[in-house]
Amino acid sequence: MMEDFSNEEMPRNQPSVRHWLRYIEHKKGSPEHTVNVIFERALKELPGSYKLWYSYLTLRRRQIKGRCITDPSYEDVNNAFERSLVFMHKMPRIWLDYCQFLIDQCLITRTRHVFDRALRALPITQHHRVWPLYLKFVKMHNIPETAVRVFRRYLKLYPEDAEDYIEYLISIGRLDEAAMKLAYIVNKEDFVSKHGKSNHQLWNELCELISKNPGKVRSLNVDTIIRGGLRRYPDQVGHLWNSLADYYVRSGLFEKARDIYEEAIQTVTTVRDFTQVFDAYAQFEELSLSKRMEEAAGNLNPTEEDDIDLELRLARFEYLMERRLLLLNSVLLRQNPHNVQEWRKRVLLYEGKPHEIINTYTEAVQTVDPKLAVGKLHTLWVAFAKFYEENRQ
């Protein structure tokens, strides 16, 4: 049978933690108040026992589980935690249980203060146990300014978790700071993504973020960043040119966007990139035209200016579509300017335009190097001569 200690016997024998726990186990069927008093007596004798404090705090929380958070008994348990921390301030488990208990009570400011006390009390080697719960807590509530400040402190210790911070900033709409942080990690050569993303993927995310939110990202020079990407990732130039043009479209600078599309289709060197840019350019011109046509249809008294604007947009679209084959031919000639066959095709595309044909033949024979020529160079000279012959010159 379990030995029962009398009130007189307990202090006289100075029992160990094990004896107290046996006694408490023996009394566990007693009323809550009785068990709590025994724990309090035990802790008065052995205030430095982690095992006793942990068991007592676990019991006290279990006793009030399910009660309304405004119940005064919650404050009693909070006081028990505060008393325990006089002796247990180096024990991360006690701090974590206390913080979680306060989170459950929705005491935001008080919880934050306790988290900060925990970080000050515990050695830095234990901080990794506190931070996950702290970050979870600040993200649970609508306290963006506090959360941002907490995240900034966290990143001083764990800079490799910058992506989590960027995700949070995007979720609360702080896109300017998110873009700046993303630009910082993209340019940091030794940064290793914890989400397994390559530097190239992070760069694409940055381009997408800054190009789609011109009104919110103000601290970065978007044009410079994307042009830097064009030099850095030559295999992605089509996508990057489109991102830059998209940025100007969203900014309402349509003429600037048009300039970017023109620059792009005249500098890309692969058919894939050309197709990407040309399709986006054509879609842009088509949307511009259709929007103007809708406005014209709704306008019962169109002015001469409205008619001219509509005709200008239509002409732009048609001109772009007419130039497609010629522009594609230019891409292939940028790949290899010594391709005789492509020069012959270019001449055919200028059918009915003698000045352009003469200029093309002239440029071709000056450009193609006989040693590097792909195809028979003499056919160009012959065709050039025949052209003059047919025109009786």
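The values are calculated or read from the model by the stated rules, or taken from the named source; none is laboratory data. If you're wondering where the values come from, they're calculated on a predicted model, not measured in any experiment. Glycine gets a Cβ as well: all are built from the backbone with ideal geometry, and neighbour counts include every protein chain shown. Side chains are part of the model used for accessible areas, which takes the heavy atoms of the whole protein and leaves out ligands, DNA and RNA. Shrake-Rupley method; radii C 1.70, N 1.55, O 1.52, S 1.80 Å.
Please verify whether segment 120-130 includes one or more residues that are farther than 24 Å from residue 38 by Cα, part of a loop (DSSP other than H, G, I, E, B), open to solvent by 80 Å² or more (accessible area, probe 1.4 Å) and not aromatic (Phe, Trp, Tyr).
First pass over segment 120-130, keeping only residues farther than 24 Å from residue 38 by Cα: 120-130.
Cutting the leftovers down to part of a loop (DSSP other than H, G, I, E, B) gives us 122-123.
Now drop any that are not open to solvent by 80 Å² or more (accessible area, probe 1.4 Å), which leaves none.
No; the residues of segment 120-130 include none that is farther than 24 Å from residue 38 by Cα, part of a loop (DSSP other than H, G, I, E, B), open to solvent by 80 Å² or more (accessible area, probe 1.4 Å) and not aromatic (Phe, Trp, Tyr).
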Exception for residue 252 within (1) within 29 Å of residue 287 (Cα to Cα); (2) of a type outside the set (Lys, Arg); (3) surrounded by 14 or more Cβ atoms within 10 Å (Cβ to Cβ) falls at (3)
Output the qualifying pairs, or none if there are none: Cβ atoms under 6 angstrom, residues six or more apart or on different chains, first residue in segment 312-341 and over 19 Å from residue 363 (Cα atoms), second residue polar (S, T, N, Q).
-> 313/288
Within segment 192-217, how many residues turn out to be over 18 Å from residue 256 (Cα atoms), surrounded by fewer than 13 Cβ atoms within 10 Å (Cβ to Cβ) and not polar (S, T, N, Q)?
-> 4
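Out of the residues in segment 35-60 that are assigned to a helix (DSSP H, G or I) and small (Gly, Ala, Ser), state the one that is most open to solvent (accessible area, probe 1.4 Å).
Taking segment 35-60 and keeping what is assigned to a helix (DSSP H, G or I), we get 35-45, 50-60.
Still in the list and also small (Gly, Ala, Ser): 42, 55.
Details: 42: 0, 55: 41 Å².
My answer is 55.
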Residue within segment 341-351 that is of a type in the set (A, V, I, L, M) and not in a helix (DSSP H, G or I) present | no
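For segment 171-198, name all the residues that are of a type in the set (A, V, I, L, M, F, W, C) and over 18 Å from residue 136 (Cβ atoms). Step through it out loud before you land on a result.
If we filter segment 171-198 for residues that are of a type in the set (A, V, I, L, M, F, W, C), which is where we start, we get 172, 175, 178-180, 182-183, 185-186, 191-192.
Scanning segment 171-198 gives 175, 178, 179, 180, 182, 183, 185, 186, 191, 192.
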So which residues in segment 132-175 are of a type in the set (Lys, Arg), closer than 26 Å to residue 214 by Cβ and not in a loop (DSSP other than H, G, I, E, B), if there are any at all?
-> 152
Kindly check whether there is at least one residue in segment 275-282 that is among the aliphatic types (A, V, I, L, M), loosely packed, with under 15 Cβ neighbours inside 10 Å, at pLDDT 90 or above and over 30 Å from residue 187 (Cβ atoms).
-> no
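Hey, among 245, 257, 264, 282, which residue is more than 18 Å from residue 222 (Cβ to Cβ), part of a helix (DSSP H, G or I) and of a type in the set (A, V, I, L, M)?
Working: 245 fails: more than 18 Å from residue 222 (Cβ to Cβ); 257 fails: more than 18 Å from residue 222 (Cβ to Cβ); 264 fails: more than 18 Å from residue 222 (Cβ to Cβ).
One residue alone meets the criteria, 282.
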Long-range neighbours under 6 Å by Cβ, at least six apart or interchain, first residue over 16 Å from residue 60 (Cα atoms) and in a helix (DSSP H, G or I) within segment 88-105, second at pLDDT below 95 and of a type in the set (A, V, I, L, M, F, W, C) = 88/53
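Using the structure shown, decide if residue 220 is part of a loop (DSSP other than H, G, I, E, B) and closer than 26 Å to residue 190 by Cβ. Steps first, answer last, please.
Numbers: part of a loop (DSSP other than H, G, I, E, B): yes; closer than 26 Å to residue 190 by Cβ: yes.
For residue 220, the condition - part of a loop (DSSP other than H, G, I, E, B) and closer than 26 Å to residue 190 by Cβ - is met.
How many residues does segment 363-393 contain that are over 18 Å from residue 332 (Cα atoms), outside any loop (DSSP other than H, G, I, E, B) and touching a helix residue (DSSP H, G or I) at 6+ places or on another chain (Cβ under 8 Å)? Talk me through it step by step, then tell me what you get.
Step one: filter segment 363-393 for residues over 18 Å from residue 332 (Cα atoms), giving 370-371, 378-379, 381-393.
Those still in the list that are outside any loop (DSSP other than H, G, I, E, B) too: 378-379, 381-390.
So of that shortlist, the ones also touching a helix residue (DSSP H, G or I) at 6+ places or on another chain (Cβ under 8 Å) come out as 379, 381, 383-384, 387.
Selection size over segment 363-393: 5.
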